Amino acid sequence: MGVRVAKFIADSGVASRRGAEELIAAGHVRINGVVIDSPVNFVGENDTVEIDGKKISARTDTELYMFHKPINTMTTLHDPRGRKTIYDCLGDEYKNLKYVGRLDYKTTGLLLLTNDGDFARKLTLPSSNIERTYIATVNSTDFSHLDKARHGMVVDGIKYAPMKIEEIGGNDLRITITEGKKNEVRIVLRACGCPVRKLHRISYGKIRLGKLPVGKIQKISQKTIDLMKKSF
């Protein structure tokens with residue numbers, strides 16, 4: 001019978017499962033030349049799947065890359081407001097990679113990309129308990145309220161898990177989180193009286209950004225990928 005076409009698309013790394021279903025509903029997907037409008041279609045090894053006329057392939061070996069995201073770029077494939085995206089910074093050979101989580105428009109640093117949609121999903125699940133570490137430059141030197149963030153807190157009705165916070169000099173803090181809620185670091189630090197001026201991610205699990213130049217991409221070794229998969 002094969003696999004559902006939405007799963008096939010997600011596994012190829014082109015989009016998430018939900019994103020694949022949206023592409024299907026909007027009429028962007030063809031199987032063997034025929035436009036489909038329902039995710040309840042199955043794909044076998046001899047079928048051809050296209051998105052907007054471009055053939056996509058079944059997932060092969062998992063590939064993982066680290067990218068040094070520049071400031072003022074959107075972590076998305078297309079921005080309705082016409083802002084620059086991460087894919088505008090990448091070569092054509094990387095256009096089909098799926099980003100792992102998001103960094104907001106102003107946040108810089110380590111962003112992971114992969115050809116494996118299921119792997120991307122597991123890397124972002126709170127249950128995977130993967131640490132992400134940031135350097136935050138804040139508009140304050142009064143850190144007296146940061147213990148609230150260290151113990152976990154509720155902001156605007158949303159509960160945020162405890163953060164590891166280290167004061168590293170001046171206005172800079174090293175922040176480590178495992179949940180990865182939208183704008184989590186900015187929201188929590190602002191609630192603690194330390195609004196973020198600059199935010200830069202330096203690590204994601206076992207992967208460190210190191211000295212990778214801004215706008216550059218680097219492949220992660222298979223050994224590291226295997227270790228990350230074993231940790232789920």
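Assigning unit charges at the beta carbon (Lys, Arg +1; Asp, Glu -1) and nothing else, what dipole magnitude in debye, to the nearest 20, does the stretch 124-219 show about its Cα centre? Display every interim value, and only then the final one.
Numbers: 18 positive and 9 negative charges, 112 e Å.
With only Lys, Arg, Asp and Glu charged at Cβ, the dipole is about 540 debye.
Report, ordered by chain and residue number, the lysines lying within cross-link reach of K55, taken as a straight Cα distance under 25 Å and ignoring same-chain residues fewer than 8 apart.
Correct list for K55: K7, K95, K98, K219.
Please report the net charge: other residues with Cβ closer than 11 Å to the Cβ of T108, K and R +1, D and E -1.
+3
Amide H neighbours of K106 under 5 Å, at least 5 residues apart or on other chains, H built in the peptide plane: list them.
Under 5 Å from the amide H of K106 lie the amide H atoms of N72, each far enough along the sequence or on another chain.
Residue by residue through the stretch 136-144, which ³J(HN,Hα) values in whole Hz follow from phi under the Karplus form 6.51 cos²θ - 1.76 cosθ + 1.60 (θ = phi - 60°), with glycine and proline marked x?
The phi angles translate into 10, 9, 10, 8, 6, 10, 8, 9, 5 Hz.
Can you list the residues, at least 5 places off or on another chain, whose amide H is less than 5 Å from the amide H of I220, using H built in the peptide plane?
Amide H to amide H, under 5 Å and 5 or more residues apart or across chains, I220 pairs with L64, Y65, M66.
I'd like the projected area of the stretch 1-71, averaged over all directions, using the convex hull of its alpha carbons. Report it in nm² with one decimal.
Averaged projected area of the stretch 1-71's Cα convex hull equals 5.8 nm².
Run the quick spin-label model on E166 and L125: label points 7 Å from Cα toward the beta carbon, then report their separation in nm to one decimal.
Taking the two extended label points, one gets 2.9 nm.
Expressed in nm to one decimal, what extension gain is obtained for the pair K55 and S221 from 0.36 nm per residue of sequence separation less their Cα-Cα distance?
57.0 nm
Report the label-to-label distance for R83 and E179 in nanometres (one decimal), using points 7 Å from each Cα along the Cα→Cβ vector.
Computed distance between label sites R83 and E179 equals 2.3 nm.
Tell me which of I168, V188, F8 sits at the most positive position along the dipole axis of the chain, charges placed on C-beta atoms (Lys, Arg +1; Asp, Glu -1).
Ranked along the dipole, the leading option is I168.
What percent does the relative contact order of the chain come to when contacts are Cα pairs within less than 8 Å and at least six residues apart?
21
Rg to Rh for the chain: what is it, with Cα atoms only and Rh by Kirkwood?
1.02
Give, rounded to the nearest 20 debye, the magnitude of the charge dipole that the stretch 82-178 has about its Cα centre when Lys and Arg contribute +1 at Cβ and Asp and Glu contribute -1 at Cβ.
240
Relative contact order for the stretch 3-124: what percent, with Cα pairs under 8 Å and sequence separation of 6 or more? Could you put the intermediate results ahead of the total?
Details: 220 pairs, mean separation 33.6, N = 122.
Once divided by the residue count of the stretch 3-124, the mean separation gives 28 percent.
What net charge do the residues around G27 carry, taking every other residue with its C-beta under 13 Å from that of G27, with Lys and Arg at +1 and Asp and Glu at -1?
-4
Let's see if you can work this out: charge +1 on each Lys and Arg Cβ, -1 on each Asp and Glu Cβ, no other charges. What is the dipole magnitude of the chain about its Cα centre, in debye to the nearest 20?
In total the dipole reaches around 580 debye.
Could you check the simple spin-label distance between E45 and H151, using points 7 Å along Cα→Cβ, in nm with one decimal?
The answer from the label model is 5.9 nm.
Using a Gaussian network model of the chain with C-alpha springs under 10 Å, which one of R201, R18, R121 is most mobile by mean-square fluctuation?
So, out of R201, R18, R121, the one fluctuating most is R18.
Each residue of the stretch 44-57 in order: what ³J(HN,Hα) in whole Hz does its phi give by Karplus 6.51 cos²θ - 1.76 cosθ + 1.60, θ = phi - 60°, with x for Gly and Pro?
In residue order, the calculated couplings are x, 5, 9, 8, 10, 10, 10, 10, 6, x, 9, 5, 10, 10 Hz.
Can you check what the net charge comes to around K164, using other residues whose Cβ is under 11 Å from the Cβ of K164 (Lys, Arg +1; Asp, Glu -1)?
+1
Add -39500 (n - 2.57) for each DSSP H run of 4 or more in the chain, then divide by its residues: what number comes out at 222 nm, to the nearest 500 deg cm²/dmol?
The helix-only estimate for the chain comes to -5500 deg cm²/dmol at 222 nm.
Once Lys and Arg get +1 and Asp and Glu get -1 on their Cβ, which of T48, H68, G152 lies farthest toward the positive end of the dipole of the chain?
G152
Explain nothing, just compute: Karplus ³J(HN,Hα) = 6.51 cos²θ - 1.76 cosθ + 1.60, θ = phi - 60°, for every residue of the stretch 145-155 in order, whole Hz, x for Gly and Pro.
9, 5, 4, 4, 6, 5, 9, x, 8, 10, 10
Where a number appears in this text, it was derived from the coordinates with a stated rule and is not lab data. The structure displayed is predicted, hence computed values, not measured ones. Backbone-built Cβ (ideal geometry, glycine too); neighbour counts: all protein chains shown.
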